[in-house]
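All remarks here apply to the structure that follows.
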Amino acid sequence: MSEKKEKDEEKEYKLSDLPGIGPSSIAKLEAAGIYDLMGIAVMTPSDLSELAGIGEAVARKAIQASRKMMKLGFFDGLEFAKKREEVNFITTGSENLNSLLGGKGVETKAMTEAFGAYGSGKTQLGLQLSVNVQLPVEKGGANGKAVYIDTEGTFRPERIRQLADALGLNSEKVLKNIFVARAFNSDHQILLIDKIGEMIKNGEPIKLVVVDSLTAHFRAEFTGRGQLADRQQKLNRYLHTLMRLAEQYNLAVYVTNQVMANPAMMFGDPTTAVGGNIVGHASTYRLYLRRGKKDSRVAKMIDSPNLPENETIFYITANGLRDEA
Ligand SMILES: Nc1ncnc2c1ncn2[C@@H]1O[C@H](COP(=O)(O)OP(=O)(O)O)[C@@H](O)[C@H]1O
Ligand SMILES: [Mg+2]
């Protein structure tokens, strides 16, 4: 399996291969559950500095080195092309937003993260995708069902009905094809993911997993500075589980991540999402959403491996996400 091969090649390097990471740092990192380069690659310099007891400059170098080493996990072009062929896309309902995402919407075998302030449209996109995933492939769906992990109690069946009606779909059927679970804390949220593999093995054609919100429970439960290591470790493991699920079952993962409504951020680098870089580097696509002029929404693509940073506008209408109000 190419996936296994890729992992094996990644594993050739160890923590001890990183510059500035000595035995005592390794012991501290391992105590925090970080055993491999991936764990380092997704950290911020300040997090690594704190966890490993090293200076920030040293930490930054170690992170850079880990990212370089990880890229050495090649697999041949034919294998790669084959992997890509199976990929499905789920339309967002807005051509603008689809284009921003590379043309056809949210993709399977990948994780798409939307981060933004309260009311920016993160949940609306999740609901819309849960309906659209059920469309046939030629209509922009994946002919599949959705799992919706709701941590904030914002899943609205009435809204699903509205979105389904607008597409001429049977709204009862559409609702039946969305498995909703309310996650009450981060442990519960993690447990729920384990059930998805089981459901798929039992024949449920799940093609989309929504986690709305990915980070709210983690943020609420790990508040102290001293708990940072625990939080990052748990979040890191969770994200890996989600990515594995996406790869293994050819499904799309969509997660939301609320950022503080900090007006200063609009002019700077909007990367103060909860969870910091740990989420950023695990996500294949990161969308930054914000309110624009006249009820529009502005979406910006941040940090994607194959797309330029770009911005577009869409609207949340009674019928769902559209290019026009
Ligand atoms: N039926 C609807 N018709 C038009 N706009 C809607 C409708 N439902 C929700 N919205 C818009 O979506 C916004 C909420 O977006 P939401 O996705 O819940 O934000 P968040 O980013 O906090 O998850 C509302 O403020 C409203 O502008
Ligand atoms: Mg929301």
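Quick note: the coordinates plus some simple rules give every number you see, no bench work behind them. On a predicted model such as this, the values are computed, not experimentally measured, just so you know. For neighbour counting, all protein chains shown are included, and Cβ atoms are generated from backbone atoms with ideal geometry for every residue, glycine included.
Show me 232-242, 151-161 ranked by packing, highest mean number of other Cβ atoms within 10 Å first.
Values: 232-242: 19.9, 151-161: 15.6.
Highest-to-lowest ranking by the protection proxy: 232-242, 151-161.
Each 10 Å bin, from zero up to the one with the longest distance, holds this percent of the alpha carbon pairs of region 86-322: 8, 35, 39, 16, 2, 0.
Using 1/(1 + (r/R0)^6) with R0 = 22 angstrom and r between the beta carbons of Lys173 and Ala318, what's the FRET efficiency to the nearest 0.05? Don't skip to the end; give the middle numbers.
Details: r = 21 Å, r/R0 = 0.94.
FRET efficiency, Lys173 to Ala318: 0.60.
Legend: ranking of residues Met301, Met199 from fewest to most surrounding C-beta atoms inside 10 Å; resulting order Met199, Met301.
Step through the table entries Lys28/Lys68; Lys14/Lys61; Lys173/Lys207; Lys14/Lys109; Lys122/Lys173; Lys61/Lys300, compare each Cα-Cα distance with 18 Å, and write down the pairs that go over it.
Details: Lys28/Lys68 23 Å; Lys14/Lys61 15 Å; Lys173/Lys207 16 Å; Lys14/Lys109 27 Å; Lys122/Lys173 24 Å; Lys61/Lys300 29 Å.
Over 18 Å Cα-Cα: Lys28/Lys68; Lys14/Lys109; Lys122/Lys173; Lys61/Lys300.
Working from Cα pairs under 8 Å separated by at least six residues, relative contact order for region 86-322 is 30 percent.
When Leu251, Leu100 are ordered from fewest to most other Cβ atoms inside 10 Å of their Cβ, what list results? Walk me through the numbers on the way to the answer.
Values: Leu251 27, Leu100 23.
So the residues, fewest neighbours to most, are Leu100, Leu251.
Of the peptides 183-190, 46-53, the ranking by mean beta-carbon count within 10 Å, highest at the top, reads 46-53, 183-190.
Taking a ≥ b ≥ c as the square roots of the eigenvalues of the alpha carbon gyration tensor, region 146-221 is oblate, as a/c is not under 1.5 and a/b does not beat b/c.
Computing FRET efficiency as 1/(1 + (r/R0)^6) for Glu30 and Glu221, where r is the C-beta to C-beta distance and R0 is 22 Å, gives about 0.45.
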